[in-house]
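Below: the structure, in structure tokens.
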Amino acid sequence: MLRPRTPFEKYIRHPLEAFAVAVVWTLFRILPIDAASGLGGWLARTIGPRLGISDRARANIRRAFPDLDGAAVERIVIDMWDNLGRTVGEFPHIGAFDFNGPQPRVRIKGLQHLSQFRDDDGPGFYLSAHIGNWELAPMTAYVHNVPSAFVYREANNPLVQKLYMAGRQKYRDMMIPKGSEGAKEMLRALKDGKHIGIMADQKMNDGIAVPFFGEEAMTAPAMAQMALKFNCPVLPARVIRERGATFTVEVAEPIFAEDTGDRTKDVAAFMARANEIIEAWVREKPGQWLWLHNRWPGQS
């Protein structure tokens, strides 16, 4: 739940932020998709590495890959900003991405798993992460008519939040905000046989400690808890940026949480497996993960 806004935020800061976001949104929206993606990538990789927050990314990369030299770390930082900028530039066009035809922008690898998910008449989860253009995950479910709901964090600025939801117009009804009300909505969706998408790569201070890149990382346990409760499959799925604004959505075989009767142990074991999957994705495409998260202990 977001904290109440101060008068300064409500009447000055948030309107100014929303105006700036609207200007950028409009610029990217009037450009063709490839041009918007390219401009976003250029701006982000030019400005982003100079920002103070990039020091957090550098520290995270060194923590995950202690054997990399400085030049290799910097290449990952630049690639990360390029991917993030392209994702921002592509966002106003997300509803127009082509999944069909001879040369689609988005190809599906493992479509049979997604189709089985759609037709299983029961609830389930998507295991995903902030890799590639992650907004294409709910768009993929929308295009393939998979009954789904995706958990997301609302923007602190409610005016900016309205712009975000405008970009998600096609699948906005599939979005569930984090928080107590969102948790209730997620339970209702599961009971209705929907499939819940969760980005499981962010730190949760009151989560459980699970290994990630060889270190304990505070991890949200809700996916494992609910997968055990509903005895449902979890489908690992990631979005890989191939070249420019073209992508592969890679869907793997579903995995299941083992129920040994020891709920605490079972939840920890499943989330360890989930972190192993995400870690493998990041190791394969380190420049496409959002290294700006506070993921490990000692980070505020």
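Projected label points at residue 253 and residue 75, each 7 Å from Cα along the beta carbon direction, are separated by 3.4 nanometres.
Dipole magnitude for segment 93-173: about 300 debye, using +1 per Lys or Arg Cβ and -1 per Asp or Glu Cβ, origin at the Cα centre.
Note down the net charge around residue 65, summing +1 for each Lys or Arg and -1 for each Asp or Glu among other residues with Cβ under 12 Å from its Cβ.
+2
Taking every full run of DSSP H in the chain, the ones that stretch at least 18 Å from end to end by Cα along their long axis and average 1.0 or higher on the Kyte-Doolittle scale are 14-30. Its residue count N fixes a reference of 2.2 N^0.38 Å for the chain, and the Cα radius of gyration divided by that reference is 0.99.
Think of the chain as a dipole: +1 on every Lys or Arg Cβ, -1 on every Asp or Glu Cβ, centred on the Cα centre; then among 30, 92, 124, 30 lies furthest on the positive end.
Can you tell me the dipole magnitude for segment 139-181 around its Cα centre, using point charges on the Cβ only (Lys, Arg +1; Asp, Glu -1), in Debye to the nearest 20? Display every interim value, and only then the final one.
Numbers: 6 positive and 3 negative charges, 25 e Å.
Computed about the Cα centre, the dipole is about 120 debye.
Helix content alone sets the calculated 222 nm mean residue ellipticity of the chain: runs of n ≥ 4 DSSP H residues at -39500 (n - 2.57) each, divided across all residues, give -14000 deg cm²/dmol.
Convex hull volume per residue, computed on the Cα atoms of segment 29-150, equals 149 Å³. Database remark: amide H of residue 131 closer than 5 angstrom to the amide H of 239 (H placed geometrically; neighbours at sequence offset of 5 or more, or on other chains; Pro and chain starts carry no H). Gain on full extension, evaluated as 0.36 nm per residue between residue 264 and residue 165 minus their Cα-Cα distance, stands at 32.0 nm. Accessible area per residue was computed with a 1.4 Å probe on protein heavy atoms; residue 146 scores about 10 Å².
Taking the Cα centre of the chain as the origin, how large is its charge dipole in debye, to the nearest 20, when only Lys and Arg (+1) and Asp and Glu (-1) carry charge on their Cβ atoms?
For the chain, the charge dipole is close to 900 debye.
Length gained on full extension, residue 272 to residue 191: 26.6 nm, using 0.36 nm per residue less the C-alpha separation.
All Cα-Cα distances of segment 1-62, cut into 5 Å bins from zero to the largest, leave 3, 14, 13, 15, 16, 18, 15, 5, 0 percent in each bin in turn.
For residue 36, neighbours were defined as the other residues whose beta-carbon sits under 10 Å from its Cβ, and their charges (Lys and Arg +1, Asp and Glu -1) total 0.
The values are calculated or read from the model by the stated rules, or taken from the named source; none is laboratory data. Small disclaimer: the values here were computed from a predicted structure and weren't measured. Here the Cβ is made from the backbone with ideal geometry for all residues, glycine too, and neighbour counts use every protein chain on show. Remember, those area values only see protein heavy atoms, side chains included, never the ligands or the DNA or RNA. Shrake-Rupley method; radii C 1.70, N 1.55, O 1.52, S 1.80 Å.
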